[in-house]
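The values are calculated or read from the model by the stated rules, or taken from the named source; none is laboratory data. Model, not experiment: these values are computed from the prediction. All Cβ positions, glycine included, derive from the backbone under ideal geometry; neighbour counts span all protein chains shown. In case anyone asks, the SASA skips ligands and DNA or RNA and just uses the protein heavy atoms, side chains included. Shrake-Rupley method; radii C 1.70, N 1.55, O 1.52, S 1.80 Å.
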Amino acid sequence: NAGVMQNPRHLVRRRGQEARLRCSPMKGHSHVYWYRQLPEEGLKFMVYLQKENIIDESGMPKERFSAEFPKEGPSILRIQQVVRGDSAAYFCASSSAQTDTQYFGPGTRLTVL
Amino acid sequence: TQLLEQSPQFLSIQEGENLTVYCNSSSVFSSLQWYRQEPGEGPVLLVTVVTGGEVKKLKRLTFQFGDARKDSSLHITAAQPGDTGLYLCAGERSGNTPLVFGKGTRLSVIA
């Protein structure tokens, strides 16, 4: 079974550009979580989605950030007008409805110049 | 507010020594998970503990969940250089809810 897939693995953007991060959950998983990790910090929850629904977005900044998990295709975390403070590693995790253990992808490392 | 406190934050030991990493909270969790993360990679699940007082063993690693489900520990026996990495504990308040992570313990095992 393929694990959680994320792409791109590395993304470089200039200030003001848009960043799109993609996450394909494990086969059979319908729950997706996005976390952000700053250097020397633990992972911080951003948003929790199920197919076509945002369940909890309490950890996501109100402005410039959005997330979706369409019926078909990967989950997308979108950051508009990026700033240097958005530079971080962004991880996606997925779980199934039956077992709530979360499995993580390899992450996307975003660098804003 | 850091809901899960991990200690120590850094640990450097010689090969063959034993060590214990602690994960403490004032909150109750329905389950607690331990992950290990290598540089440039995502966290890899080591174990999930769900029952108060539960002890799970994974080769040289022993995981314990506190009776009140507020704390956990990871004990490594006879550490090896391959154990080097960042160890993260993460608590879940109830099923299919976001994880709350500790800041991690960065372990270095010197040959």
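Key figures
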read-out	value
Shape category assigned to the stretch B:49-102 from the gyration tensor of Cα positions, a/c cut at 1.5	oblate
Fraction of the pair-distance distribution of the stretch B:5-110 above 25 Å, Cα-Cα pairs, percent	15 percent
Under 14 Å, Cβ to Cβ, from B:R106 - net charge with Lys/Arg +1 and Asp/Glu -1	-2
Once the Cα gyration tensor of the protein assembly as shown is diagonalised, semi-axes √(5λ) in Å	30, 20, 15
Per-residue SASA entry for A:R64, accessible area with 1.4 Å probe, Å² rounded to 10	70 Å²
Two-decimal Rg/Rh across chain A, once Rg and the Kirkwood Rh are taken from alpha-carbon atoms	0.95
Among beta bridges that DSSP assigns inside the protein assembly as shown, antiparallel share in %, nearest 5	90 percent
Nonlocal Lys pairs with alpha-carbon distance under 20 Å, the protein assembly as shown (8 or more apart, or different chains)	9
Of A:S94, A:S30, A:S75, the one that fluctuates the most in a GNM where chain A has Cα springs shorter than 10 Å	A:S30
FRET efficiency estimate (nearest 0.05) - Cβ-Cβ, B:K59 to B:S26, R0 41 angstrom	0.80
Estimated inter-spin distance, B:D67 and B:S94, nm [label 7 Å along Cα→Cβ]	2.7 nm
Cut-off 15 Å between beta-carbons: net charge of the residues surrounding B:T84, Lys and Arg +1, Asp and Glu -1	-2
Point-to-point label distance, A:N7-A:V83, nm (Cα→Cβ direction, 7 Å offset)	3.2 nm
Cβ-derived FRET efficiency at R0 25 Å, A:E68 paired with A:L38, nearest 0.05	0.55
Residue-span extension gain [B:S108 to B:S7] - 0.36 nm each, minus C-alpha spacing	34.9 nm
Spin-label pair B:Q80/A:M26, simplified geometry with 7 Å Cα→Cβ offset, distance in nm	2.4 nm
Accessible surface ranking that places the most exposed of B:K57, B:K103 first, with a 1.4 angstrom probe	B:K57, B:K103
Cα centroid separation - the stretch B:69-107 against the stretch A:58-99, whole Å	24 Å
Selected from B:T97, B:Y22, B:Y87, residue furthest toward positive end of dipole (the stretch B:1-109; charges at beta carbon)	B:T97
The stretch A:1-40, Cα convex hull volume normalised per residue, Å³	107 Å³
